[in-house]
1. Filter segment A:23-56 down to the residues that are touching a helix residue (DSSP H, G or I) at 6+ places or on another chain (Cβ under 6 Å) and on the phi > 0 side of the Ramachandran plot, then identify the one that is surrounded by the most Cβ atoms within 10 Å (Cβ to Cβ).
2. Out of segment A:315-338, which residues are outside any helix (DSSP H, G or I) and in contact (Cβ under 8 Å) with a residue 12 or more places away in the chain?
3. State whether the residues of segment B:12-22 include one that is part of a loop (DSSP other than H, G, I, E, B), within 20 Å of B:GLN180 (Cβ to Cβ) and within 25 Å of the chain's Cα centre (by Cα).
4. In segment A:144-189, which residues are of a type in the set (S, T, N, Q) and within 30 Å of A:VAL321 (Cα to Cα)?
5. Within segment B:183-197, track down each residue that is crowded, with 24+ Cβ neighbours inside 10 Å and either in a helix (DSSP H, G or I) or among the basic types (Lys, Arg) (or both).
6. Cβ-Cβ below 8 Å, separation at least six or inter-chain, first residue in segment A:248-268 and more than 7 Å from chain B (Cβ to nearest Cβ), second among the charged types (D, E, K, R) and surrounded by fewer than 24 Cβ atoms within 10 Å (Cβ to Cβ): which pairs?
7. Which one is surrounded by the fewest Cβ atoms within 10 Å (Cβ to Cβ) among residues in segment B:338-355 that are away from chain A (no Cβ under 12 Å) and among the hydrophobic types (A, V, I, L, M, F, W, C)?
8. Considering only residues that are of a type in the set (S, T, N, Q) and at pLDDT 95 or above, look in segment A:284-322 and name the one that is farthest from the chain's Cα centre (by Cα).
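The values are calculated or read from the model by the stated rules, or taken from the named source; none is laboratory data. None of these values were measured; they are calculated from a predicted model. Cβ atoms come from the backbone with ideal geometry, glycine included; neighbour counts cover every protein chain shown.
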Protein chains: 2
Amino acid sequence: MRIDGALLERRLDELYAIGAEPDGGTYRGLYSTAWAAAGERVERWMQDAGLETRRDAVGNIWGRAEGDGKSIVTGSHIDTVRRGGRLDGALGICAGITAVEALLTTKGKPRRTLEVVAICEEEGSRFATNFWGSRAITGAIDTVDAEIAAAMRERGLDPTKIASAARDDIDTFVELHIEQGRVLESARTPLAVVSAIVGTAHLEVTVTGQPDHAGTTPMDLRRDALAGAAAMVQAVESIAKSLGKPAVATVGKLKVEPEQINVVPGTVVFTVDLRHADLGGRRALEERIRSLCGTLSQERRLGLGIRTLQEKAPVAMRAEVRALLARAAKECGVQATEMVSGAGHDAQILAARCKVGMLFVPSIGGRSHCPEEATAPEHLELGTNILAKALELLAY
Amino acid sequence: MRIDGALLERRLDELYAIGAEPDGGTYRGLYSTAWAAAGERVERWMQDAGLETRRDAVGNIWGRAEGDGKSIVTGSHIDTVRRGGRLDGALGICAGITAVEALLTTKGKPRRTLEVVAICEEEGSRFATNFWGSRAITGAIDTVDAEIAAAMRERGLDPTKIASAARDDIDTFVELHIEQGRVLESARTPLAVVSAIVGTAHLEVTVTGQPDHAGTTPMDLRRDALAGAAAMVQAVESIAKSLGKPAVATVGKLKVEPEQINVVPGTVVFTVDLRHADLGGRRALEERIRSLCGTLSQERRLGLGIRTLQEKAPVAMRAEVRALLARAAKECGVQATEMVSGAGHDAQILAARCKVGMLFVPSIGGRSHCPEEATAPEHLELGTNILAKALELLAY
């Protein structure tokens, strides 16, 4: 059994065209017109593949081939970021449908119930929320804000029924996704089994010095907030490097006050995004960063405030699913490597209710969330074949 | 002979009130209503002091006590920055008038012509120009832009006559100014003779890396423009420190692109303000900064562009004027120290046409260009007495 690579590419092209933006890329915000059109197309493909379809209360689209026991599920999210690419989310849906179609055609009715899901939202694509679809599936949505409720009603969805989207009859969720980084490309590896999804913390660091005349204030009388912040930015980088992979830490935003060419900076505010695959590692990273920023600010007589903006625990993929995905890869002639996902995925939410596992294929140049997002066709086909093999091992 | 300290303070108060802003500080932009009102007040004080007044083509106000030979001149600029303080510029004018008034009262007509000048503009207070008044006096204005020309006409000044403001009959210009830094306060010194005004270079540094996903890009695959720029900011600081006083270097502006919390910065643009009292020192500072930024960018595989935005050569104060000011201080019971001015002053422009010298009195907390700008009354009085003594030595 092999999946139809040309069909996969056609479906990816068709989905990419829905929501196409004038300056490149595509945008399918949750409950938007493009989002709805994409859902209709995907539902038709599911039906073409021989699946029975339904929409749940938040608009997740499920395609089902009936069997026994709890479901084996594959899929991904249908929404995109603005100027999003062709593959993020879309690949998991198109590959899922194409793989299940090949299975149903060549192997017939599955022993266990097999489902493909197009998850309504993961990206925070339109509203101040994310993982909206997977949180509904795990019964994790407590409140709906008025804006989202109104958008749901426009799409014929009843926000008071969200609880009905929750499921406890999923056995395993597997997802094929692009890596969104350059690790596989750099290692010339066509596929990875994801071992864990990193935990993330977002910090906001405020460094307070004294604004002074850049000409009349000798170096030894300064309390330069930017010079101090620069030392901290260096520290963030070197701490992440010294902790080793998969620790990463990034200063992505930095603002200087008063930001005048001839004034010593009085205040700097910067952010730190730090990630690690295990909670101990993430905490060690954060503690070292906090401690070194403290030392640096004291040495330089600077004020320091550190605020946690967001915290997400790391999620390990289930060992038995990882082993099964590795076995599927091997049966397709690929020695699977494992890697940590530095980005978030629906699997980390669904892990609360079922066994989860993920496959990554390489991203060319590591580009993602942009029109340049691409993966070699042979890698897309290989990943989809391994996904199909995994679903066969799980459901047949 | 002693100057009238109370009169000096009253004049400073009156001038500060002209252009007072609702949220504190004062603003007298070139050729503005407040600027004109301040000029009228100053001209009246000059006349009260027994000086014959006139305005030149750009609106500099001259008060003259006739004597022989080239003129001995004191004064400062009448314009202010927005939310400016009570003393910057204003002190040099009020102290000049008050000192000359005391001299004329107690010593009578001077042997040499003695003048006080209220220079129309130094701060870049309103238009994209600065040192407007002193450049007119030195014949250094070649072109007038339409906006300034229109503003001049509104004040009854003829922009086609600017060349007539040039003077070649000034022997010596001495100016009392606030330090605008914390050097004198830190050293508990009430007065300094300025040895030189620093040369300044403004650089704009562009660091180019690659924007990447903060989660999916391992530390060793990054080309982080901000981490590189942070190393350069540190280098700028440490090079200035290692060169020693009076070298200063400041990164005052820094912008990050794309400035997202979860994206590795792709581009950083920052400025460097660097100053030194001699040209060799300034060039050494700049060369070391350029060289180290080059090394750091190569180590990190980052693109680097350095552009010179502005360059001003350092200007030494005339040795004989420095000696005279030190002698005047000594005769007032003060052992003068010398210091470099890190800020620019009209004296650096006037140096092209006459002998120049400056006196600094301490700034409380080093504050300047803000409503908190202040100097202890005894220091203001001391500075003005020493200025009067210097003018006496020069003109009587």
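1. Of everything passing the filter in segment A:23-56, A:TYR31 is surrounded by the most Cβ atoms within 10 Å (Cβ to Cβ).
2. A:VAL315, A:ALA316, A:MET317, A:ARG318, A:CYS332, A:VAL334, A:ALA336, A:THR337, A:GLU338
3. Scanning segment B:12-22, I find at least one residue that is part of a loop (DSSP other than H, G, I, E, B), within 20 Å of B:GLN180 (Cβ to Cβ) and within 25 Å of the chain's Cα centre (by Cα), so the answer is yes.
4. Scanning segment A:144-189 gives A:SER164, A:THR172, A:GLN180, A:SER186, A:THR189.
5. B:VAL183
6. If the second residue must be among the charged types (D, E, K, R) and surrounded by fewer than 24 Cβ atoms within 10 Å (Cβ to Cβ), the pairs left are A:ALA249/A:GLU237; A:GLY266/A:GLU257; A:THR267/A:GLU257; A:VAL268/A:LYS255; A:VAL268/A:GLU257.
7. B:ALA352
8. Among residues in segment A:284-322 that are of a type in the set (S, T, N, Q) and at pLDDT 95 or above, the one farthest from the chain's Cα centre (by Cα) is A:GLN298.
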